[in-house]
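A quick write-up on the structure given underneath.
Nothing in this text is a laboratory measurement; each read-out follows from the coordinates by a stated rule. Quantities reported herein were computed from a predicted structural model and do not represent experimental measurements. Please note: Cβ atoms are built from the backbone with ideal geometry, for glycine as well, and neighbour counts cover all protein chains shown.
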Amino acid sequence: MKTLSQLGEFNFIAAIAKKKLRNKAVLKGIGDDAAVVSISPKDCLLFTADMLIEDVHFLRSADPQAIGHKALACSLSDIAAMGGWPLYAIVSVAFPKKLDSEFAKKIYKGIQKTALKYSVDIIGGDTNAAEKIIIDVFLCGQVKRKQLVLRSNAQTGDYIFVTGELGGSRFGGHLNFTPRIAESRFLVSNYKLNSMLDISDGLIADLGHILKQSKKGAILEQEDIPVDAKAGGLDNAFYAGEDFELLFTLSEKAAKKLILAWPFKKTKLSCIGRITAQEASLQLISKQGKSTKIKPGGYRHFN
């Protein structure tokens, strides 16, 4: 019998996702950044949940309001990755019995401030006791069906883009990141994106999700990858995770228009490569023009 560590996070998810859905209104269940449920011919609801655990996703020595921000912002990033906007949140927390009550209140204050900023109503939740701090956020959003973007429709020849800079999350950025709601809304309102997700497990792991679900390959240009100055090199940009930037693909024609029209001066936009027809192939072109195979990797919860 395999342990969860031996099976791996994504093999476990794949195993539990095999059951067929009974309700035809569910357009997408397990396997994307959020589940998608149709509510009208033109509109869908988005559902996502993220759990943060002390000593895994944050340390108790961190700013409690920043912890609260991250707890909600992770789910906001999922909604952005689907092309939608957030609506309602249910927040459940478990705290150690001897935790300073002011620390707990400040965590919730951080959640409330971020909810207010992104027009999210917190409509319920649960509390419990545990050995470590655990925060679980369930978030509901909405998206126009014609603007919905999944991971599974990348097309051969698509340009690959990423927002922001990568690899700096482990140096503090993972608590204070900005979910790319505004950038996502601009993109889906003006361009036909073929695939999109947010980078939570690392560029290579998350691009791998797009390639696997789209049955495609990719070529990345090393000199175009936006490595954060704090990252210390390309490896962290590739594999560290928790950057929560948007990774998306669109046609060459649309890409050229986007590069000229990008309105967000504080959010860097980088074209880092192309989608290829060679399934599961992922190559890196060096600054000298040499092509090498990129090794798979990224954050895994059960490792």
Practice item. Give Lys106/Lys192; Lys268/Lys290; Lys253/Lys290; Lys109/Lys295 a once-over and call out the pairs whose C-alpha atoms are over 32 Å from each other. Key: Lys106/Lys192; Lys109/Lys295
Practice item. Would you mind ranking Ser251, Ser291 so that the residue whose beta carbon has the fewest other beta carbons within 10 Å leads the list? Key: Ser291, Ser251
Revision key, fill the gap. Here the range 217-226 yields Karplus 3J(HN,Hα) values (6.51, -1.76, 1.60; θ = phi - 60°; whole Hz; Gly and Pro given as x) of x, 7, 10, 10, 9, 4, 5, 9, 6, x
Review point. Pick from Leu260, Leu148, Leu46: which is most flexible by mean-square fluctuation in a GNM of the chain where alpha carbon atoms under 10 Å apart are linked?
Key: Leu260
Practice item. Quick one: check the C-alpha center-to-center distance for the range 120-140 versus the range 36-74, whole angstrom. Key: 10
Check your understanding: Cα centroids of the range 146-177 and the range 229-303: how far apart, whole angstrom?
Key -> 8
Review point. Tell me, Asp224, Asp243, Asp206 in order of fewest to most beta-carbon neighbours within 10 Å?
Key: Asp224, Asp206, Asp243
Study note, to complete from the structure: Rounded to the nearest 10, the angle in degrees between the Cα long axis of helix 181-190 and the longest principal axis of the Cα atoms of the chain comes to 40
Exercise for review: Sort Lys24, Lys106 so that the residue with the fewest other Cβ atoms within 10 Å of its own Cβ comes first and the one with the most comes last.
Suggested key: Lys24, Lys106
Study note, to complete from the structure: Kirkwood calc, the range 150-293, C-alpha pairs only, radius in angstrom 15.1
Practice item. Determine the percent antiparallel among the DSSP beta bridges restricted to the chain, to the nearest 5. Key: 75
Exercise for review: List the pair-distance distribution P(r) of the chain, using every Cα-Cα distance, as the percent of pairs falling in each 10 Å bin from 0 up to the bin containing the longest distance, rounded to whole percents.
Suggested key: 6, 27, 36, 23, 7, 1
Review point. So how much slack lies between Lys144 and Ala25, counting 0.36 nm per residue of separation and subtracting their Cα-Cα distance, in nm?
Key: 41.4 nm
**Study point:** Pair Asn153, Ser251: separation of 7 Å Cα→Cβ label points (nm)
**Key:** 1.3
Exercise for review: Evaluate the distance, in nm, between pseudo-label points positioned 7 Å from the Cα of Gln283 and of Lys230 along their respective Cα→Cβ axes.
Suggested key: 3.5
